[in-house]
Amino acid sequence: MNLQDIQAFVAVAETGSVNRAAARLNLTQPATTRRVQNFEAVLAGAPLFDRSVKPATLTALGRHVLEHCRCVLVAVAELKACAANASNPAGDLRVGVAHGLGEFVLTSPLDALRRSFPLIRMQVSSNWSANLIDEVRNGAIECAVGLLTDVHTVPTGLQRLSLGEERVVIVSSPESVPAIRCGNKIRLRDLTEEGWFLNPRGCGCRAALERAFDRQNLPLQVAAEVYGEDLQLSLLAHSGGLGLVPYRQLALSPHRQKLRVLDVADFQISATVTLVRNAVPGRFDPAIALLVKELEGKLDDNSGSA
């Protein structure tokens with residue numbers, strides 16, 4: 001039984017595509033297919049994929065074999081780590097950062113990582129948290145720092161490390177929302193006439209807001225889809241309306257004094273700054289562990305509470 005064949009089988013099973021698995025393994029598509037076929041042949045030709053459907057899915061046997069293969073790869077990675085100089089890893093460490101967390105992650109935490117591991121070259125990308133989880137699963141990046149809500153799921157084979165809670169707040173200009181001016185308690189129904197400046201679809205916080213409105217059969221008026229909370233805050237400060245942003249980002253905004261946080265009685269988002277990585281040990285483990293420590297420290301020093 002060949003270890004490379006096992007790796008190819010796991011890659012195809014986790015990515016759901018021979019093409020994506022080939023990219024993850026840095027192989028051609030035919031080479032990846034051959035390795036999977038070789039692995040099936042070793043198992044007496046038992047089919048691990050149902051190829052009668054597109055895309056192919058794991059058979060019941062395939063799902064069972066996948067769990068055993070993951071255990072094998074974990075054991076091999078741990079064995080290699082024992083023999084390798086894991087204290088000073090080198091190479092390209094690919095890190096994904098969720099939109100809205102860039103300034104938080106890309107300052108002192110990455111500076112500390114670069115000082116401690118000078119042989120590592122950082123490659124940082126930004127995306128929605130859900131897309132970052134897929135990128136970790138597909139092997140496109142080694143780890144991701146996301147802002148996860150109850151709409152996000154982390155698949156089997158990935159590890160999630162909760163770093164701290166993040167308060168996501170509804171903000172408005174002083175001229176918006178008549179109920180505020182009257183001193184009344186605010187509820188979602190009081191916000192149906194206001195226009196919202198929101199991230200495009202794909203943002204987990206927007207999805208949570210839409211679900212809250214849908215549960216009460218209330219209309220959500222989107223004034224504009226604006227990519228990035230910084231621009232949203234600027235527009236709110238100058239033209240009025242409502243927005244949904246991490247409090248940490250509002251606190252750092254130059255428009256903070258022109259905006260107010262709304263205390264909405266029937267809406268709260270439970271969001272957690274989370275690092276997602278492959279559960280299989282790897283050569284960048286010491287660097288990722290330091291990144292986790294630095295991020296936890298920064299959250300403690302600069303909490304997202306009002």
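Within a straight-line Cα-Cα reach of under 18 Å, residue 258 can be paired with the following aspartates and glutamates, leaving aside sequence neighbours fewer than 8 residues apart in one chain: 175, 194, 229, 230.
Measuring only protein heavy atoms, the 1.4 Å probe finds residue 125 accessible over about 50 Å².
A Gaussian network model of the chain, with springs between Cα atoms under 10 Å, assigns the largest mean-square fluctuation among 66, 231, 113 to 231. These residues, 5, 263, go from largest to smallest accessible area, 1.4 Å probe, as 263, 5. Rolling a 1.4 Å probe over the protein heavy atoms of the chain, with every protein chain left in place, gives an accessible area that is 50 percent carbon and sulfur. Near residue 148: Cβ cut-off under 10 Å, other residues only, Lys/Arg at +1 and Asp/Glu at -1. The net charge is -1. Backbone amide hydrogens, once placed in the peptide plane, bring residue 164 within less than 5 Å of 273, excluding anything fewer than 5 places away on its chain. Specify the angular offset, from 0 to 90 degrees and rounded to the nearest 10, of the alpha carbon long axis of helix 29-42 from the longest principal axis of the alpha carbons in the chain. Once rounded, the angle reads 60 degrees. Multiplying each eigenvalue of the alpha-carbon gyration tensor of the stretch 122-234 by 5 and taking the square root yields semi-axes of 32, 15, 13 Å, largest first, rounded to whole angstroms. In a fully extended conformation the segment linking residue 107 and residue 50 would gain 15.8 nm over its present Cα-Cα distance, using 0.36 nm per residue. The structure-derived value of mean projected area of the Cα convex hull in nm² appears in the list (1) 19.4; (2) 16.5; (3) 18.5 under the label (3). Dipole magnitude for the chain: computed about the Cα centre from +1 point charges on Lys and Arg Cβ and -1 point charges on Asp and Glu Cβ, it is near 460 debye.
Taking all protein chains as they are arranged and a probe of 1.4 Å, the heavy atoms of residue 1 leave approximately 150 Å² accessible to solvent.
Between the exposed loop cleavage positions of the chain, defined as GluC sites (Glu not before Pro) in a non-H, G, I, E, B DSSP state with at most 12 neighbouring beta-carbon atoms within 10 angstrom, the longest gap is 1-174.
Legend: residues 28, 15, sorted from most to least accessible area (1.4 Å probe; ligands, DNA and RNA excluded), read 28, 15. The residues of the chain present an accessible area of 50 Å² per residue when probed at 1.4 Å with all protein chains retained. Of the chymotrypsin sites (Phe, Trp or Tyr not before Pro) in the stretch 203-297, which ones lie in a loop per DSSP and count no more than 12 other C-beta atoms within 10 Å? When the chymotrypsin sites (Phe, Trp or Tyr not before Pro) of the stretch 203-297 are filtered for loop state and at most 12 Cβ neighbours within 10 Å, 227 remain.
Legend: residues 53, 154, sorted from most to least accessible area (1.4 Å probe; ligands, DNA and RNA excluded), read 53, 154.
The values are calculated or read from the model by the stated rules, or taken from the named source; none is laboratory data. Everything numeric here is computed off the predicted structure, so don't read it as measured data. With ideal geometry, Cβ positions are generated from the backbone for all residues, glycine too; neighbour counts draw on all protein chains shown. Side chains included, ligands, DNA and RNA excluded: accessible areas come from the protein's heavy atoms. Shrake-Rupley method; radii C 1.70, N 1.55, O 1.52, S 1.80 Å.
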